[in-house]
Structures are given as structure tokens and as C-alpha cells.
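Notes to accompany the following structure.
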Amino acid sequence: AMVEMDEYKFDRILSRFIMHEGFEKAVIKVIFPFFEKIGLLWQTGSINPAHEHFVSNLFRQKLMVAIDNIIVPESKDNKKFILFLREGEYHELALLFYNYLIKKSGKAVYYLGNSVPFSDIKETAKMVEPDFLFTSLTSSWGQDEVTEYIKMLSQDFPFQKVFVTGLQIKENNVEVPSNVVKVSSPQNFTELLKNL
């Protein structure tokens, strides 16, 4: 369906799986492995970037609808998350899925999106006083740069727990300060959410 750029076929296949297994399982068992395969196909020249953009945007639409359908009751007792990608980081699909998981757990989410300047994160934190921050580091940053960014988050937000995930966290053995938690998978994060 992706190679043929057939939106109808793609939607039919994915919707069938969602109906039988549920949205979360569809993302974890089908979509994320599919995007890993897309990365390999793209590197070998079997597909071009347009194919990836096509299916990424179809999936993004599904994610946005799923997120929009979750109603979090307003409460001053709700734990608050700020979600963002660092400046220059644009791989947003995983962050959107974590947004879905957090909202589904009944917590308040302030979703800032991709390529957010550090000063904007700090300003938002002053306004909303979050309990947690969540980010994903996927693009090819050097290990030293990733470590420095995590250290900066830890120091500037010493009273919040900072969750980090993404390819750079999985592939590099990054040491993290005590208020930073590495998230290895959506399943891992779902377990962590139960204890927050």
C-alpha cells in the first residue's frame, strides 16, 4: 500500500488490525516495526522519502484523532507533563504516541511539538509548573551533545522527573542524572505511568 501510495488500502489494513487488537497494540506491533523497516528500505534505496512522508502523515492523522478522542477530566490534582522535541529534532510520531499514552492515563499534557527552543520549554514550565517532562532524541546527535542536553534538562528542572526516549538513548550508553529516566519502549513507559 505504501509503495503504491494507496491510501485506501493502507487505511483498510490498519483499521482492520485496530478493530481486532486495539489502537495501542496496532501502534506497538504493526506501526513502529513498520517504520523501522521503512528506515531500512529507505537506506537501501528501495523506496524514496515521498513514500515515508505519505505513510507518516496517514499515521499521524490516526494518532491525532485518537488523541483528540481522549477527554481528561479537569482537576487540580492531575499530574502535568510537558512534551517536546529539542530544537532541530523533527521526528514527532513517537512523541505523539507517548502523548496518547499519557492522556489515556488521565494526566494533563502540554504538547509543544517539534524543534522547541530550550527557552520556550523553560517559559512553559514557569507557567504550568509541570511534574514531568518528556522528550525523544532520535536524530543523529553526537553522544556528547546528547549527554550535555540531558544534563541541561536535569539541572534546569531539578524538581521534575524528566523522561527521555528515542534512538539516541537506545543506541548510546548515555549516563543520566537521578531525576532523568530512560524510557526503552511504550510498554516500559505504560508500566512507569501506573506508579506516577
Check: To the nearest Å, what is the center-to-center distance of region 124-157 and region 42-70, using C-alpha atoms only?
Finding: 25 Å
Notebook entry, point to check: Under a point spin-label approximation (7 Å from Cα along Cα-to-Cβ), what is the Tyr8-Glu87 distance to one decimal in nm?
Noted result: 4.7 nm
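Just to confirm the filter: which chymotrypsin sites (Phe, Trp or Tyr not before Pro) across region 51-106 are DSSP coil and have at most 11 other Cβ within 10 angstrom of their Cβ? The partial results should precede the final answer.
Numbers: sites: Phe54, Phe59, Phe81, Phe84, Tyr90, Phe97, Tyr98, Tyr100; in loops: Tyr90.
Sparse-neighbourhood loop chymotrypsin sites (Phe, Trp or Tyr not before Pro): Tyr90.
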Notebook entry, point to check: In region 87-196, what GluC sites (Glu not before Pro) fall in a loop by DSSP, with at most 10 other Cβ atoms inside 10 Å?
Noted result: Glu175
Note to self: Let me understand region 55-98 better: what is its radius of gyration from the alpha carbons, and its Dmax, in angstrom?
What the structure shows: 12.9, 38
Notebook entry, point to check: In terms of modelled amide H atoms, which long-range or inter-chain residues lie less than 5 Å from the amide H of Lys107?
Noted result: none
Next item on the list: Treat each spin label as a single point 7 Å out from the Cα along the C-beta direction, and report the Glu21 to Lys182 distance in nm.
Entry: 2.7 nm
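Would you mind getting the accessible area per residue of the chain, heavy atoms of the protein chains only, 1.4 Å probe, in Å²? Present the calculation step by step, with values, prior to reporting the outcome.
Details: 10950 Å² over 196 residues.
Ligands and nucleic acids excluded, the figure is 56 Å² per residue.
If the chain between Arg60 and Phe118 were fully stretched, how many nm would it gain, using 0.36 nm times the residue separation less the Cα-Cα distance? If you can, show how the numbers build up before the last one.
Details: separation 58, 0.36 × 58 = 20.88 nm, distance 2.48 nm.
Extra length available between Arg60 and Phe118 comes to 18.4 nm.
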Margin query: Taking a ≥ b ≥ c as the square roots of the Cα gyration tensor eigenvalues, with a/c under 1.5 meaning rounded and otherwise prolate when a/b beats b/c, else oblate, which class fits region 82-130?
Written below: oblate
Next item on the list: For the chain, with a Gaussian network of springs between Cα atoms less than 10 Å apart, report the residue from Ala66, Ala108, Ala50 with the top mean-square fluctuation.
Entry: Ala50
Notebook entry, point to check: Among the chymotrypsin sites (Phe, Trp or Tyr not before Pro) within region 102-196, which fall in a DSSP loop and have no more than 16 other Cβ atoms within 10 Å of their own Cβ?
Noted result: Phe159
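Based on the alpha-carbon gyration tensor of region 1-120 and its eigenvalue square roots a ≥ b ≥ c, which shape applies: rounded if a/c is under 1.5, prolate if not and a/b is larger than b/c, or oblate?
Values: a/c = 2.71, a/b = 1.43, b/c = 1.90.
Verdict is oblate for region 1-120.
The values are calculated or read from the model by the stated rules, or taken from the named source; none is laboratory data. Note that the coordinates shown come from a computational prediction; the quantities given were computed from them, not determined experimentally. Glycine gets a Cβ as well: all are built from the backbone with ideal geometry, and neighbour counts include every protein chain shown. Surface accessibility is based on the protein's heavy atoms, side chains included, excluding ligands, DNA and RNA. Shrake-Rupley method; radii C 1.70, N 1.55, O 1.52, S 1.80 Å.
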